[in-house]
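Just so it is clear, none of the values below were taken in a lab; they were calculated from the coordinates. Note that this is a predicted model, so its numbers are computed, not measured. Reconstructed Cβ throughout: ideal geometry from the backbone, glycine too, with neighbour counts over all protein chains shown.
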Amino acid sequence: MDFAEAKVFSDSLLAGGAVAGWELGNYCSHGKSAVVLHVSKGEAKAVLKIFHPGLMEQYGREAQLIRVNRERELIDKNHPNLVRVLDAGVCEDTGHIFVAMEVAPGRRLSETLNLIPRENIASLIEQLASAAMQLENWGFTHRDIKPDNIHVSEDLSSLKLLDFGVLRPPGDDSATLLQVSKAFVGTHQYSPTEMIHGCEEDTLDGWRAITFYQIGAVLHDLIVRKPIFQYATARHADLVRAIDNDSVVVKSDDVDSRLCNLATRCLLKKPIERLELIRWEDFKRSDSVSHRPTLQARKDALQRQLSIGDILGRVDAIEDAEARRLKAIALRTIVRATRAQFDNALAELGRIVPTRSTDLVGGLYPNPAITYTFVAAPNLGLTLPFRIQVAVALKEDSSLIDVYARASKGLAETEIGWNSLGPAMQSLDGFADVFQAWMLSIIEELIRR
């Protein structure tokens with residue numbers, strides 16, 4: 001539902017009195033099918049998620065009841081990094097489906113990414129993994145771990161994972177089967193390719209691989225300080241294509257390389273590789289492990305390190321290949337733009353220059369990108385054919401261009417050194433005048449010879 005629908009629904013709830021003994025207070029937030037209100041019961045304060053009855057019929061009331069009953073199983077279960085579920089079920093008086101939870105302190109991680117101290121990242125990701133592992137030990141997978149579902153304390157040192165609305169035991173697809181709408185459950189931007197295409201393995205390992213990916217996506221955001229695949233969120237098709245095809249290699253100059261490496265492994269496309277290269281203990285800080293690992297554990301760690309090297313080597317190769325591909329595209333674009341400017345210059349000179357042929361080589365300086373071969377023009381005093389070559393050079397990030405030119409009298413390979421045609425520039429717009437002036441000086445020199 002949108003905000004307007006949520007406002008109408010929350011106003012109707014406030015006019016109707018208590019829900020399951022909880023006195024309703026201010027609006028807090030809303031989701032796809034429910035609103036969240038601040039509530040109280042005696043001295044107890046909480047937030048209450050109340051599902052819209054009309055949307056429940058649309059999405060499937062029976063499926064939602066199964067999910068709420070899963071949340072009920074968390075009542076009286078405690079973990080320092082999981083928000084506590086206090087109550088859940090169906091209100092006898094109103095018929096509303098609801099879930100009551102403790103008020104999570106602090107703010108959403110999605111609102112504080114730029115504020116998190118770099119030295120806190122390792123501790124926060126350890127806490128998040130601990131919460132997800134505890135859910136797994138209780139027989140559940142969260143399925144929607146993302147910065148919006150994580151609250152960080154005011155001092156930015158601790159977190160709580162919340163929103164158990166799509167909690168699922170491995171092997172139990174009863175809610176999915178009863179769901180009227182077969183819409184995706186979770187958040188595409190923070191889900192791996194096997195999940196968004198519905199081909200995940202419905203086992204403990206299959207869902208653990210998804211959990212590792214989602215924790216890795218949060219770790220990515222903490223390190224990079226922006227949402228994963230943010231560049232591809234304008235269109236859903238672009239986002240799916242990025243999740244399927246774009247390798248994520250996390251790098252940072254001011255974050256421990258171990259954390260960058262961990263995030264990269266978590267975000268591998270193949271779930272089997274995630275499971276091979278990641279263990280729950282990988283999320284623990286080295287200073288939090290007090291015991292010395294067993295001999296077998298040490299051997300296993302070295303074996304995994306070999307596998308990590310193999311796979312990350314492939315990731316680096318993919319990244320290098322992509323960089324080369326993008327640079328080649330940039331070069332082709334610049335060569336075409338250079339030729340257009342040079343052709344404009346020749347057109348402006350008109351009959352002053354002889355007839356010519358053009359060879360678009362496309363090389364990168366010091367190799368020529370374009371070769372122009374001019375015929376002899378005795379009426380101009382040019383008794384021999386001559387050649388002019390143009391070269392371009394790209395700076396490191398391909399944002400600046402250097403242009404060079406050289407000429408030879410006759411068609412032998414006798415070109416002298418390259419001449420720079422000006423300082424590095426971002427665009428070739430208007431560069432035809434520079435080419436024109438250089439061309440005139442070359443023709444004048446050839447005539448004098």
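Hey, with R₀ at 60 Å, roughly what FRET efficiency would T333 and R448 work out to, going by the Cβ-Cβ distance, to 0.05? Efficiency, from the Cβ-Cβ distance: 0.95.
Packing, as the average of other Cβ atoms within 10 Å across residues, places the peptides 144-154, 111-121 in the order 144-154, 111-121, highest first. Note on D256 and A4: the model spin-label points, each 7 Å out from Cα along the C-beta direction, lie 5.0 nm apart.
Students often get this wrong, so check it: of K49/K77; K45/K226; K41/K77, which have C-alpha atoms separated by over 22 Å? Table pairs above 22 Å Cα-Cα are K45/K226.
When the Cα positions of S123, W207, A242 are compared along the charge dipole of segment 107-286, A242 comes out farthest toward the positive end, with charges on each C-beta of Lys, Arg, Asp and Glu.
Between E201 and A15, full extension at 0.36 nm per residue minus the direct alpha carbon distance yields a gain of 62.4 nm.
Taken about its Cα centre, segment 107-286 carries a charge dipole of about 280 debye when Lys and Arg each add +1 at the Cβ and Asp and Glu each add -1 at the Cβ.
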